[in-house]
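Each remark here refers to the structure printed beneath this line.
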Amino acid sequence: ICPYVRSCLDVAINGKLDFLKGAVFVNSCDAMRRLYEVWKRQIKTGFIYLIDVPKRTGSIDLEYFQNEIKGFIENLHAYFKVTISYDSFDRSIQEYETMRGLLKKLYQLRKQNPSPISGTDVIKIINNSAALPVELFSRECEVFLKEAEQNAGSENRSRVRGMPRLLIAGNIVHHPEIFELIEEAGVEIVADSICTGSKAFTINFPEGNNFPQRFAEAYLNKPPCARMMKGSEELDNILQMIKEYGVDGVIYHTLKFCDMYLDNIPSAKKFFNANNVKALFL
C-alpha cells in the first residue's frame, strides 16, 4: 500500500485527527479511493466526502468536475448548515492568492546562486501553508521572506556558492527530513516539481461569477501530476524549471507502490537522456 496513504490512516487510527469535523478526499488514485472507503468504516469523522477528479482537461471533463464541485457544495450546506456565497468564495480566493504570491516570491529568490534559502526550509514552509489558517501563514511567510531577502543581499550570507544545484521531481514528499538528508550531502535543492511543493501553489483562477466553473478550471489546468494524462507536459515543465533555476541535476523521487509514477519512469529516463539532464531515480 502507498506509504503516504498508510501514514494518513495511521495518524487517524491513533486519534491524532480526532479534532476534525470532516474529511474530504479526492479520487486521485486507487490507494486514495481505498483510504476513503476504510475511513468511512473505521474513523469517526462526521463529514466524509469523496470528490472525483477527471484525468483530462477537455470541455466534457470540465463540465463533469463542475458538477462534482456543485455536489460537494450542496453536501457541505446540508451537513454544516452553511451557505457558500460568491462573495465568500471570492474573498477566500483573494486570501489564497496573497499566500501563493508570497510563495512564488520565495521561489524566485531560489534562482540566485547560492540560494539564500535551503530546500529543507522551503518544504517546511509549504507544509505549514497547508496546516495553518491562511491569514496567519501569510503573515509568518512575509516575515520569513523579508529575512531571506536581507540574507540574499548580505555580503556575509551563510550559504556557499558553487554547490551542485538540484531539482526534486516526481511523487509527493511529505517528510522534510528527506530534503535535509539530501542537502547534508553538500548540495542545495533550489527547485521542485512535486505536488507538496511548487505544484501546490501554481494555480491561476479565471475571472467570472460562476465559482464552481472557476474552481474546476483552476485545478484541472494546474501543473499536472502522473495521474493526469499529460506526461509530456509535466516533463516539459521540469525542463523549463531546470533552465530557470540553473539546475545541475534532478532527483526523481517515487513512493513505493505508486503505480502511476513508477509507470512514468521509463519515459522520464528517455526524456532526460535526450535533453542531457543528469537524473537519479529513487
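The values are calculated or read from the model by the stated rules, or taken from the named source; none is laboratory data. Fair warning: this is a prediction, and the values are worked out from it, not measured in the lab. FYI the Cβ positions are ideal-geometry reconstructions off the backbone, even for glycines, and counts take in every protein chain you see.
Taking the conditions exactly as written (part of a helix (DSSP H, G or I), in contact (Cβ under 8 Å) with a residue 40 or more places away in the chain and farther than 23 Å from residue 174 by Cα), does residue 98 satisfy them or not? Yes, satisfied. For the range 72-83, the set of residues classified as of a type outside the set (S, T, N, Q) and free of Cβ contacts under 8 Å to residues at least 60 places away in the same chain consists of 72, 74, 76, 77, 78, 79, 80, 81, 82, listed by residue number.
Among the candidates 218, 191, the residue that is surrounded by fewer than 19 Cβ atoms within 10 Å (Cβ to Cβ) and small (Gly, Ala, Ser) is uniquely 218. In the set (1) touching a strand residue (DSSP E or B) at 6+ places or on another chain (Cβ under 9 Å); (2) surrounded by 15 or more Cβ atoms within 10 Å (Cβ to Cβ); (3) more than 18 Å from residue 127 (Cβ to Cβ); (4) free of Cβ contacts under 8 Å to residues at least 60 places away in the same chain, the condition left unmet by residue 238 is number (4).
Looking across the range 136-157 at every residue that is modelled with pLDDT under 90 and not acidic (Asp, Glu), the one that is farthest from residue 95 (Cα to Cα) is identified as 156. Screening residue 39 against (1) aromatic (Phe, Trp, Tyr); (2) touching a strand residue (DSSP E or B) at 6+ places or on another chain (Cβ under 8 Å); (3) free of Cβ contacts under 8 Å to residues at least 12 places away in the same chain leaves a single unmet condition, (3).
Scanning the range 15-44 for residues that are under 23 Å from the mean Cα position of the chain (by Cα), crowded, with 17+ Cβ neighbours inside 10 Å and either assigned to a loop (DSSP other than H, G, I, E, B) or of a type outside the set (A, V, I, L, M, F, W, C) (or both) yields 28, 29, 36.
State yes or no: is residue 119 under 18 Å from residue 223 (Cα atoms) and small (Gly, Ala, Ser)? Judged against the criteria, residue 119 is not a match.
Picking from residues in the range 196-234 that are of a type in the set (Gly, Ala, Ser) and part of a helix (DSSP H, G or I), the one that is farthest from the chain's Cα centre (by Cα) is 232. Can you find even one residue in the range 241-258 that is within 20 Å of residue 1 (Cβ to Cβ), surrounded by fewer than 16 Cβ atoms within 10 Å (Cβ to Cβ) and touching a residue at least 24 places away in the same chain (Cβ under 8 Å)? Yes. On inspection, residue 106 does not qualify as at pLDDT 95 or above and either in a loop (DSSP other than H, G, I, E, B) or surrounded by fewer than 12 Cβ atoms within 10 Å (Cβ to Cβ) (or both).
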